[in-house]
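Here's the structure we're looking at; comments come further down.
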Amino acid sequence: MNTQAIGILFLKDLYLSRRPLFAYFAAGVASSAISVVPQPTLAFAGFILVLTVAIGSGMHLLGELLLSEGSDQTRTFILSLPVSLLDYSVAKITVVLTTFLVPWCTMLACSLVLTAVLPWAKAGAIPVLLVIFLELLAAYALQLVTAVVSQSTGWTIGVMVACNVFLNLFLMTLFQNPEVSESMKGTVPAFSPLIVRIIAIEVAFIVVALGLALAMQVRKRDLV
Amino acid sequence: MIHEAGVAVSTKPESAITLSHVSKRYRHFALADVSLDFPRGTVVGLIGPNGAGKSTIMRIMMGLVAPDSGAVSILGQPISSNEAAAKREIGYFSEDIRLYKRESIGWHLQFVRSVFPGWDDDYAAQLLSRFGLNAEQQVKGLSHGQRVKAVLLLILARRPMLLILDEPTNGLDPVARHEVLTELMRVVEDENRTILFSSHNTQDVEKLSDSITFIDRGQVIASRGRDEFLEQWRRIRLQVPADWTVPGLPGFRLESQFRSQRVLSSDHFDQVALDALQASGATLEGVERMTLEEIFVSSVMRGREEKSA
């Protein structure tokens, strides 16, 4: 593995996605701030905006950095340079993940900090916030695997839709759970066994999905 | 001797490209048992009709497509195990290559420069000027000819030992074609560098190449030196009696017939063959040299006829 080549490819993609990355960063900060205002309707709108930014940025960045390389035929240009398939794959998956993590981390950090420090916010919601953000990351990892394996915008959008439907069901089930809804009203974050189990499953799913994405990409025989 | 995918490849140090029994099957096309060996310092033209397999062969050489069987060695190294190192010495052009349309030519120059330590800034500046390109210009505003020249600039300024060029002059206007060919002629002057290029345009190939390979329907049908091709092939015009048939001479093919006139082509024309034709009752009207395009068409048609026979 050539770390110098990986670094060059990583920085190239980061540069190419600088504009949407900045826009999603700003949108992440704004939506997180709105989600913790003391007015319930506005706060709910802010929460929906947070989910929208996460889902929208994921789809946009996957399309821009991964799927468009096939349709725009820039992949042939990159692969004609002295890089191996492994270098290319590691750089690509790392940058696609990193660019998603920029708005994701921004929103997660803003949400957690604001929930912890604002006097009207309930710090008991912090574990649930973590669960929701990890679900968004897991959904993104699944879309990433789909994009890598299928190289198809259609399939990736299909999985994204399925992930969104699952997110709604997941949130509904989560909020209806008496243990979870009770802990959200507390002033101190409490990580119940259920929350810890969900977090563990989400983290394991993300690790497996990313490993699978890299393994599938490296196994490809025909690259153009 | 390098063993790869169960195939022993004899890699001579003087070989630039070696393909040994390479096969690749797609749903509607198959490259069948292709073996080629191009020495270093030569200019090789690859000629074939659309869909013959030229681009597939070049993609396999670049490691962009993996062969189902067989082995490929570039500059003495198997491409499958030394992909990145081999590509450091290769400049690859293909019609498939697109640059980032929102970025400028200058950005691409800087990007490729960061990958190649041997990048030649002065040569890049010369090429920008010769090709009439503006470094500030965004790729999305370039014409087809300018895009081709921009990609060639990015390839040539790294001074690769091997150039693999897939249809570099296709779709270019006469001026752009002249500029590209002139630049390639300059590269050819460096006797250490090897160029493999494909084209439909046999004039371009004839102008640049030392040796030529014809390919049709996934198979190599002929591969030899350019002058050898031009020297060995002849068109023979005959007047023949009514019941005349082509005598069984090796390498002769009936190209056309009109009333008592017959036109044959041959890659084995010599005095012995001429005597045999005249002995068969035919009267010689003329013997002509053939152009590379005529030789190519004749080779393809002969190959297809032999296959269907």
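Is it the case, given these coordinates, that A:PHE25 is farther than 22 Å from B:LYS101 by Cα, more than 10 Å from chain B (Cβ to nearest Cβ) and within 15 Å of the chain's Cα centre (by Cα)? For A:PHE25, the condition - farther than 22 Å from B:LYS101 by Cα, more than 10 Å from chain B (Cβ to nearest Cβ) and within 15 Å of the chain's Cα centre (by Cα) - is met. Once the range A:1-21 is narrowed to residues that are surrounded by fewer than 16 Cβ atoms within 10 Å (Cβ to Cβ) and either within 22 Å of A:LEU112 (Cβ to Cβ) or among the charged types (D, E, K, R) (or both), the residue that is farthest from the other protein chains (Cβ to nearest Cβ) is A:ARG18. Could you tell me whether A:VAL90 is within 14 Å of the chain's Cα centre (by Cα) and open to solvent by less than 40 Å² (accessible area, probe 1.4 Å)? So A:VAL90 does not fit the description; no. The set of residues in the range B:82-95 that are outside any helix (DSSP H, G or I) and buried (at least 18 other Cβ atoms within 10 Å of the Cβ) comprises B:GLU89, B:ILE90, B:GLY91, B:TYR92, B:PHE93, B:SER94. Where helices (runs of 4 or more DSSP H) fall wholly inside the range B:105-222, the ranges with 2 or more residues that are closer than 29 Å to A:ASP13 by Cα are B:105-115, B:121-130, B:144-156.
Yes/no per residue for (1) more than 12 Å from every other protein chain (Cβ to nearest Cβ); (2) under 19 Å from B:LYS24 (Cβ atoms); (3) touching a Lys or Arg at 6+ places or on another chain (Cβ under 6 Å):
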| position | (1), (2), (3) |
| --- | --- |
| B:ALA71 | yes, yes, no |
| B:GLN77 | yes, no, no |
| B:SER80 | no, yes, no |
| B:ALA85 | no, no, no |
| B:ARG88 | no, no, no |
| B:LYS101 | no, no, yes |
| B:VAL112 | no, no, no |
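One residue is enough: does the range A:127-140 have a residue meeting the conditions over 23 Å from A:VAL180 (Cβ atoms) and of a type in the set (Gly, Ala, Ser)? No: zero hits. Sub-6 Å Cβ pairs linking a first residue in the range B:206-235 that is farther than 18 Å from B:VAL188 by Cβ to a second residue that is surrounded by fewer than 18 Cβ atoms within 10 Å (Cβ to Cβ), at least 6 apart or interchain, are B:GLY218/B:ALA30; B:GLY218/B:ALA32; B:GLN219/B:ALA32; B:ARG234/B:VAL287; B:ARG235/B:GLU288, ordered by first then second residue. For the range A:11-31, indicate whether the set of residues that are modelled with pLDDT of 95 or more, of a type in the set (Lys, Arg) and either under 30 Å from B:GLY63 (Cα atoms) or not in a helix (DSSP H, G or I) (or both) is non-empty. Yes, some residue in the range A:11-31 is modelled with pLDDT of 95 or more, of a type in the set (Lys, Arg) and either under 30 Å from B:GLY63 (Cα atoms) or not in a helix (DSSP H, G or I) (or both). Within the range A:55-72, the set of residues being without any contact (Cβ under 8 Å) to a residue 60 or more places away in the chain and either within 7 Å of chain B (Cβ to nearest Cβ) or more than 17 Å from B:ARG98 (Cβ to Cβ) (or both) comprises A:GLY56, A:SER57, A:HIS60, A:LEU61, A:ASP72.
The values are calculated or read from the model by the stated rules, or taken from the named source; none is laboratory data. Treat the numbers as computed from the prediction; the structure is a model and nothing was measured. Virtual Cβ from ideal backbone geometry, glycine too; neighbours counted across all protein chains shown. Protein only, heavy atoms only, side chains kept; ligands, DNA and RNA dropped before computing areas. Shrake-Rupley method; radii C 1.70, N 1.55, O 1.52, S 1.80 Å.
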